[in-house]
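The values are calculated or read from the model by the stated rules, or taken from the named source; none is laboratory data. Quick caveat, the model's predicted, so the values are computed rather than measured. Heads up, the Cβs are rebuilt from the backbone with ideal geometry, glycines too, and the neighbour counts pull from every protein chain shown. Calculation scope for accessible area: heavy atoms of the full protein, side chains included, ligands and nucleic acids excluded. Shrake-Rupley method; radii C 1.70, N 1.55, O 1.52, S 1.80 Å.
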Amino acid sequence: MKQGWQNFQIAPLLDVTLLQGLALLCLAAIILFTLLRLRGTVWRAIVMVLVLLALLAPQFTDRESEKLSDIILVLVDRTASQRIANRAVQTDAAIAEIRNRFADDPSVELRIEEISGETDTRMFAVLDRLLGGIPRERLGGVMMITDGQVHDVPTRLDLGAPLHVLISGARDERDRRLVIRQSADYGIVGKQAEFMIEAIDHDLPPGTAIPVRMLLEDGTEDEILLPANEQSRVSIPVPHAGSVLAELRMEDAPEETDKSNNRLILETTGVRDRLRVLLLSGEPHPGERAWRNLLRADPGVDLVHFTILRPPEKGDDTPINELALIPFPIRDLFEVRLRQFDLIIFDRYQMRGVLPPHYLEKVVDYVRWGGAALVVAGPEYIGPDGLSSTALDKLMPAEATGRIVEQPFVPRVNAAGRLHPVTAAIAGSPTTPPKWGRWYRQIETRVSDPDAMTLLTGADEMPLLTLQRVEEGRVAMLSTDQMWLWQRGHDGGGPVAELLRRLSHWLMKEPALDENTVTTTRSPDGESLILNWRKIGAAPEMANVINPETGEQINARFEQLPDQSWQATVPIAERGLIRVGVRDRNDRRQTALHVDRDVLTPETQNTNSTPELLADLVAANDGFIGRIEDGLPDFRQVPDDRVWHGSNWAGFVETDSYKTVIGGITNLLPLPVIALLIGGICLLGWRAESN
């Protein structure tokens, strides 16, 4: 405790402004009394002064000051990289030394904060939080114990106190690693995506060839050679739209500190250069505009549209090529350029002798080899020149019975449609279906193939929208030509644009609209893969995973969840790019990829201990930085006006921070004393004036 001194102060009983006003009035009154030479002016002045002094309430305060302890913040790195080799042992020894140094010193308060993390090391975010809870004038310094791989180092830091850093780990550590210097966010389907990769190993001369295995999505594996410590181009194929993955695995070096960064996930998003759609329409009708407007409004779609104008009742001998506004390029479209299209739409199309039947057989082959076809069926479909009597009919997921149903009905999403991405977004809930407008005509169809999926039903629950995968391609049939009523807003309308957009993009194999999607997640304990299969059709049966390290196949069975999806748990702790295979009870198989994107995190990208990242900040805050393996510095307390470190010592500021304790308060002019004084002066003045 430090003894203080008596401190004079005032504690006005009235507002200071009001007191100033009273003082001016008193002064004016005294001047007036003096000019008028009134008797008793002196006594009146004395009384006024005493009253003003009493209202000011002068007093003496006894104060004592107590020295506050200096706060030293110690931030300890306990992240994943600190578990390498003997870094944790070095860290514990440094903490014990600091505790012993200040254990018997009541003037120092050690505040030790341990910082954990599996993916990165963020020490300065914690420091900022701790500094917000202490008075800066009590800060004696900051000590960081870390391997130096800190991922939130600021460009500037002004502590007003020293920043010292003790580096754990060894100076001669070796850690070769793969680093992406330039990524490819997008790649054109059918082409290569290029990455700039650097294989870093400072123990090798630049340019030394390092063998690297490249694992691709299709299960194939290539070996490439990367020059050590030099950037090199690495290309991966982009076979499809959506996420495209590959993994690089570099050979381990002897006595590496960490081997997890010897592998690298390459990921890009495959995009189609342009989606090309061929729209073949019969005679003009209101529904034709819906397709044309939808496809032309999509900037990623190139639309080629032909409308066959010749009416069936035309009986003259005018050649076809003279009736058309432009010649119909049959051979160019169906022999030369057919496979350039991603989707062919037959919108109320009639043969009429324009398209020879054998060209439709080419369309069937085109679909089986990976193309897509959609038929919008009106009355023409089952007519004499309709598509129902061609090879295309056998490709369709629904078979026309030959009957046209003409009665009002409201399209409804069935149970499968509520699961399928094409219609799930517009389905509403099972108890409260959406209020859509009515349609009035439908071609009666029946579905016999178990692989076909009916998503919308119409009159009498008959199939209205049916989809199917055919070998490598996809087909769909809309058994009505009434969708334009929704576009016109008839009877309230409906989501025609959303439905047609999703349908066309499903046919063109948009990954986000895939109905049988297998998704994978890592279990919380990291020891298993959880597979979720959104499956329509036959129930899933078995899942298998190939261990990328051993090649062993691990199997697990699916179980159905309350949301109608299916889940399987496969025990596999290995991380990286893992191939997943699934099959249903009809022995239909599907593959997927699991990728552990956290295989390479900021915490594992570079695990070599280093003082370089923190050296500038330490120098700017006049601190000490050194390796624990070289011995700990001598910890001292130094005055604020001295240097805070030396070659073998680290100082903490001895702050001049005190807590003031207020003792007794002595009033110099107590009110009773003032009252007696005023009374006495008034009597003296009265007596003096009466003589």
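Things worth noting here:
- Residue check for A184: within 30 Å of the chain's Cα centre (by Cα), in a loop (DSSP other than H, G, I, E, B) and farther than 30 Å from D641 by Cβ: yes
- Strands (runs of 3 or more DSSP E) contained in region 52-159 and holding at least 1 residues at pLDDT 85 or above and either surrounded by fewer than 16 Cβ atoms within 10 Å (Cβ to Cβ) or not acidic (D, E) (or both): 70-77, 108-115, 139-146
- Search result, residues across region 38-51 that are at pLDDT below 75 and open to solvent by 70 Å² or more (accessible area, probe 1.4 Å): L38, R39, W43
- Within region 465-505, the set of residues being surrounded by fewer than 23 Cβ atoms within 10 Å (Cβ to Cβ), among the aliphatic types (A, V, I, L, M) and within 15 Å of V367 (Cα to Cα) comprises just one member, V470.
- Unmet criterion (only one of (1) of a type outside the set (K, R); (2) open to solvent by less than 40 Å² (accessible area, probe 1.4 Å); (3) closer than 15 Å to E251 by Cβ) for A209: (2)
- Filter result for the condition that a residue is out of contact with any Leu (no Cβ under 8 Å at 6 or more places or on another chain) and at positive phi, over G383, G378, G370: G370
Yes/no per residue for (1) farther than 30 Å from D147 by Cβ; (2) in a loop (DSSP other than H, G, I, E, B); (3) open to solvent by less than 30 Å² (accessible area, probe 1.4 Å); (4) not hydroxyl-bearing (S, T, Y):
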residue	(1), (2), (3), (4)
N532	yes, no, no, yes
E549	no, yes, no, yes
D563	yes, yes, no, yes
T569	yes, no, no, no
V580	yes, no, yes, yes
E603	no, no, yes, yes
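- Scanning region 292-299 for any residue that is touching a strand residue (DSSP E or B) at 6+ places or on another chain (Cβ under 6 Å) and over 18 Å from D481 (Cα atoms) turns up at least one such residue.
- Qualifying residue in region 248-256 (condition: within 15 Å of L577 (Cα to Cα), of a type in the set (A, V, I, L, M, F, W, C) and within 26 Å of the chain's Cα centre (by Cα)): yes
- Checked against (1) assigned to a loop (DSSP other than H, G, I, E, B); (2) open to solvent by 10 Å² or more (accessible area, probe 1.4 Å); (3) modelled with pLDDT of 75 or more; (4) not hydroxyl-bearing (S, T, Y), E283 passes all but condition (3).
- Residue pairs meeting the criteria (Cβ under 6 Å; at least 6 apart or on separate chains; first assigned to a helix (DSSP H, G or I), in region 345-370; second open to solvent by 70 Å² or more (accessible area, probe 1.4 Å) and acidic (D, E)): R368/E471
- Within region 443-461, residues that are in contact (Cβ under 8 Å) with a residue 60 or more places away in the chain have Cβ atoms under 7 Å from residues that are surrounded by 14 or more Cβ atoms within 10 Å (Cβ to Cβ) and in a helix (DSSP H, G or I) in these pairs: I443/Y381; I443/I382; M453/A416, counting only partners at least 6 apart in sequence or on another chain.
- Neighbours by Cβ (under 7 Å, 6+ apart or cross-chain): first from region 609-637, without any contact (Cβ under 8 Å) to a residue 12 or more places away in the chain; second among the hydrophobic types (A, V, I, L, M, F, W, C) and surrounded by 14 or more Cβ atoms within 10 Å (Cβ to Cβ): A615/I625
Conditions (1) touching a Lys or Arg at 6+ places or on another chain (Cβ under 6 Å); (2) open to solvent by 20 Å² or more (accessible area, probe 1.4 Å); (3) of a type in the set (A, V, I, L, M); (4) at pLDDT below 90, marked per residue:
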residue	(1), (2), (3), (4)
E194	yes, yes, no, no
Q231	yes, yes, no, no
E251	no, yes, no, yes
P254	no, yes, no, yes
R263	yes, yes, no, yes
